[in-house]
1. Taking other Cβ within 10 Å of each residue's Cβ, how do Ile217, Ile13, Ile297 sort, fewest first?
2. I'd like the distance between the alpha-carbon centres of segment 221-242 and segment 163-198, rounded to an integer number of Å.
3. Using the number of other C-beta atoms within 10 angstrom as an exposure proxy, rank Ser12, Ser224 with the fewest first.
4. Can you give the Kirkwood hydrodynamic radius for segment 105-153, in Å, rounded to one decimal and based on Cα pairs?
5. Quick one: of Lys117/Lys286; Lys193/Lys413; Lys132/Lys275; Lys132/Lys234; Lys186/Lys278, which pairs are farther than 29 Å apart, Cα to Cα?
6. In vacuum, with every alpha carbon of segment 173-255 counted as one equal point scatterer, what does the Debye formula give for log10 I(q)/I(0) at q = 0.25 Å⁻¹? Two decimals, please.
Amino acid sequence: MELLVCMSISGSIPVVICLLLYVIQCENYNYILGRRLLLTGVFFYLVPVQLVKYLLPKDALPETMLIGRKADSYLSGTLSFWSEKQGDYIWIPQWFNIFARIWLAGIIIFAIYEIIKYWRGAHSIRNYIFEKIEDPEDNLTYYLIPDEICGPCTIGFFRQKIVFPESFPLHPDFIMVYKHEHTHLKNHDNLVKLLCLFVLCLHWMNPVAYLLLFLYIDTAEIVSDSAAVDGCTKEKRQDYASLLVLEAATSDIRPAVWKNNLSGHKNNKEGKDFKTLKRRINYMMKGKRKGILQRGIMVAVSALTVVASAGTIMAYEPVSSSDESFEEFISDDALNNFGDDYIDYDSANFVDFSQSDYVLIDSNGVQVTTEEDASSTYALCTHSMIPATFYTHAKNSSGGCTIKVYNCQRCEKCGYRANATYANTVTYAKCPH
């Protein structure tokens, strides 16, 4: 299975589990656990953990993990569609091919647009900053901008800043809002959202990748709200909830993907923003559960998710590759370079050429059909080489066939072939293959 497909599947597993928990638990859903699951999904979407088994020594892995190639994907290592691959036809309507390319272009344009718009908005906010406030006694650090620019927010991906309107520090619930924004900063939510956009560009054909971004936007806000009211009385929670409703009527110059939802749009109060705000307030008023059972569930679900996602390493098989020795000896003309100087029918009788004219058999008796142009790719692997024999088959005009035999080496883990040397030629007066 192709690497990109395996990465997409492994990243989707945590996101789907997160969605199922949300649907099943409803009001009892734990957003802290949900955020961890979504971060796990981002990791497996972007990091090719499937390559790990090829970087470890062979003895470190069970034999069952060193499985052969099961099938070729319709993705030939890229995002391009192929109507024909290795003699097999994959019927894809032309309109679907065009639609898929347009979709991919749209996703890339959307990501670039969101990043540029955020950068411009953040740059605009930085231009309005006129003072930096540091309060060592309460461990507070933030920046002030004029009122009416935007509400409290965090800006930046790596060099993050917490920004407040100049009159906001006088608000009685200022400390709670600061905790909210500081949680965004501590969790690097802007950077995670940027990574979610990268996931969309890389796995644009996977509908679960779109779900990842929208789930994380809501989850990040609710987790920050929970941190803001942690340890507060019910009355203080109600005051904070009232502040959320008040700030929801304030416009925001940042795009929806990046705003912190303490601000919103007045004309959307009855839409999605209002439902999100209601969900945030309901979760915040209940408070967090810190019992042993709740922690046990979080650990168990997290461990199960990691194991399930990492399990895709068993499904990934790299495209077989070879070194330059195969380019030198295995070519269209190579079948006629040597005369019929050796006849040994027994050595080739057991070779199955029904699937391909290029067959490799290693010292373990494993027979692998390959393609002539396999030297164009190379797998990332710490090779474990064993002796092998490579056979090429070609039919003659007289009705017979010629088989060229080469001694070589093959990696037990990734199938890489190297050091091919000509051994002998086998001819048949009548081709039995």
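1. Ranking Ile217, Ile13, Ile297 by Cβ neighbours within 10 Å, fewest first, gives Ile297, Ile217, Ile13.
2. When both Cα centres are located, 14 Å separates them.
3. Fewest-to-most ranking of Ser12, Ser224: Ser12, Ser224.
4. Computed over Cα pairs of segment 105-153, the Kirkwood hydrodynamic radius comes out at 13.0 Å.
5. Table pairs above 29 Å Cα-Cα are Lys117/Lys286; Lys193/Lys413; Lys132/Lys275; Lys132/Lys234.
6. Computed log10 I(q)/I(0) values: -1.20.
All of the numbers you see were taken from the coordinates with simple rules; none came from a lab. Just so we're clear, the structure is a prediction, and the values are computed from it rather than from any experiment. All Cβ positions, even for glycine, are placed from backbone atoms using ideal geometry, and neighbour counts span all protein chains on display.
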